[in-house]
Amino acid sequence: MNRRVFLVVLDACGIGATPDYQSYGDAPGANTIANVALVCGGLKLPNMQALGLGNIWDITGVKVNTQAKASWGKAFPLSPGKDTTTGHWEIAGLVLDQPFPLYPKGFPEEIIQAFLAESGCSGVLGNCAASGTEILDRLGAEHLASGKPILYTSADSVFQLAAHVDLMPLDELYRICKIARSLLVGEHEVSRVIARPFSGPVGAFKRLSEARKDYAILPPAETLPDKLLAACIETTSIGKIADIFCQRGFSEIMPGKSNKECLLNISKKIGEEPSKPEFIFANLVETDSHYGHRNDPLGFGACLEEIDRSLGSWLENLREGDLLILTADHGCDPTAPGTDHTREYVPVLAYSPSAPARVLGTLASFGVMAEISEQWLLTL
């Protein structure tokens, strides 16, 4: 029997503030899933309920299940930070001892001047921490008039460049992002440089998510995909996972700019007859990008319910040798002040048709997902 692991990250679906939340600038009371459920008047997540999600926290609409199908618990983020890269690397077994640099007041002048000299840009607009939609409303018209790209960051360690596709072709935006990536090293080595193209007229700008491109840094040590690939396990990325790991450690990269595409690709992989052991690592991004950062709890809740409907078919089609793990990489409570990520525990639901369910409790690190996956695939 060829074993498989499906490790699915429900982006930003935290489940309660960690004790150290104040050190990360969060307001008290963050709990992404529970607060979304409260605002929505309850969530309809019958399949997550069957796995035991309601056992982890009191979630409106999701009942406690004393006969949960999955092993259930929550995990603490051991690495410093509350960002995409830190969370995913820890899920893959790499715990950081130092946080990535952050720039809440913008990037230093020496970085800006080096970027302008190398890229040929006449200047940049913004250079501040901002919401990606808000900054387009604020600076989009000036960008079109001046030709200068919009530079902004967030609570994540990111250097983001936005440009209108009618003014700056995608290849040019990607070129200057690559230049920024080459300059941001040493003490200024941010986790990601992100190209953020947009289109549309003033007052109706639209971010082009399908043309977004991330330029990450290589993990500084071996991660779970590296280890499994070296052990001749097939490794597949779905969604933005491969970008987070700089495409390292994957034998197959499946696209997934939207949840719809990712859900379909996960379903496709589950439906395949495995010829070798496989590890499938997927991210469902829209809870974070479309709803968490945009303070939209109703949209967030609807997105979770859509995922749950796909989950129903996954559970029906999993094979005896399959293990499905649902988790998250951080929180992004849309009911909390601001639009940034929140430092939270993440849910852990691990289900296989051939394994008994147990209570996992509070786990000391996201790295437990790597340990469970490795044990499942490499220990017979």
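The values are calculated or read from the model by the stated rules, or taken from the named source; none is laboratory data. A quick note: this is a predicted structure, and the numbers were derived from the prediction, not measured. Neighbour counts run over all protein chains shown; Cβ positions are idealised from the backbone, glycine included. Remember, those area values only see protein heavy atoms, side chains included, never the ligands or the DNA or RNA. Shrake-Rupley method; radii C 1.70, N 1.55, O 1.52, S 1.80 Å.
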Considering only strands (runs of 3 or more DSSP E) wholly within segment 279-369, the ones with at least 2 residues that are open to solvent by 30 Å² or more (accessible area, probe 1.4 Å) and modelled with pLDDT of 95 or more are 359-363
When both residues are 6+ apart or on different chains and their Cβ atoms are under 8 Å apart, which pairs have a first residue that lies in segment 363-377 and is within 15 Å of S79 (Cβ to Cβ), and a second that is β-branched (V, I, T) and open to solvent by 30 Å² or more (accessible area, probe 1.4 Å)? S365/V95; G367/V95
Out of the residues in segment 11-32 meeting the condition of being open to solvent by less than 10 Å² (accessible area, probe 1.4 Å) and hydrophobic (A, V, I, L, M, F, W, C), tell me which one is nearest to L363 (Cα to Cα). I15
Taking G29 as meeting all but one of (1) part of a helix (DSSP H, G or I); (2) over 26 Å from I280 (Cβ atoms); (3) of a type in the set (G, A, S), write down the number of the exception. (1)
I'm told A145 meets every condition in (1) under 20 Å from A195 (Cβ atoms); (2) without any contact (Cβ under 8 Å) to a residue 60 or more places away in the chain; (3) aliphatic (A, V, I, L, M); (4) part of a helix (DSSP H, G or I) except one. Can you identify the failing condition by its number? (1)
Of E222, E278, E252, the only residue that is over 17 Å from the mean Cα position of the chain (by Cα) and free of Cβ contacts under 8 Å to residues at least 60 places away in the same chain is E252
For segment 88-110, which residues satisfy the criterion of being in a helix (DSSP H, G or I) and either out of contact with any strand residue (DSSP E or B) (no Cβ under 8 Å at 6 or more places or on another chain) or farther than 19 Å from L326 by Cα (or both)? W89, E90, E109, E110
